[in-house]
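The values are calculated or read from the model by the stated rules, or taken from the named source; none is laboratory data. Being a predicted model, the structure only gives us computed values, none of them experimental. Here Cβ is always computed from backbone atoms with ideal geometry, including for glycine, and neighbour counts include all displayed protein chains. These accessible areas exclude ligands, DNA and RNA; they are computed on the full protein's heavy atoms, side chains included. Shrake-Rupley method; radii C 1.70, N 1.55, O 1.52, S 1.80 Å.
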Amino acid sequence: QVQLVESGGGLVQAGGSLRLSCAASGSIFSINAMGWYRQAPGKQRELVAAITSGGSTNYADSVKGRFTISRDNAKNTVYLQMNSLKPEDTAVYYCNADLVPRGWYKGYDYWGQGTQVTVSS
């Protein structure tokens, strides 16, 4: 069994910061890309940031310069440092991993349970 467990969400005032963490655990052979998505009420889930196993990153235009994604491959963990938060960043944030389970030969999409981030004005 493989699972992704997120932590670090919460309530913060506009201009504040939060750091999200997502740890993958279980029978894992390797992890390719990892990323963070978010879904606000009434909106579709959208990509926030992604990072490859080699460290290449990709960001949504709305968060460039404010959010930083990083990962610790030894810990199978991805982080999202969120600075200068705005009320429009309010959403449920989901961790995603393209992960190869032990004994398998291709990657599958795994998702965390989501963590709420609320930014008050």
Fill in: Mean accessible surface per residue for the chain, computed with a 1.4 Å probe while every protein chain stays in place, in Å²
54
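Just want to confirm a number: the relative contact order over segment 64-109, from Cα pairs under 8 angstrom separated by 6+ residues, in percent.
Dividing the mean separation by the residue count of segment 64-109 yields 24 percent.
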Worksheet item: If you line up the Cα atoms of the chain on their principal axes, what length do they span on each, largest first, in Å?
Response: 48, 25, 23
Worksheet item: Over the chain, what is the mean sequence separation of C-alpha contacts under 8 Å (at least six apart), divided by residue count, expressed as relative contact order in percent?
Response: 36
Practice prompt. Please find the FRET efficiency linking Ser17 to Tyr108, where r is the Cβ-Cβ separation and R0 is fixed at 41 Å, and quote it to the nearest 0.05.
Written response: 0.80
Worksheet item: Just how large is the dipole of the chain about the Cα centre, in debye to the nearest 20, putting +1 at every Lys and Arg Cβ and -1 at every Asp and Glu Cβ?
Response: 100
Discussion item. Could you tell me the relative contact order of segment 26-94? Use alpha-carbon pairs under 8 Å, at least six residues apart, and round to a whole percent.
Written reply: 30
Worksheet, complete the sentence: A 1.4 Å probe over the protein heavy atoms gives the chain a carbon and sulfur accessible-area percentage of 48
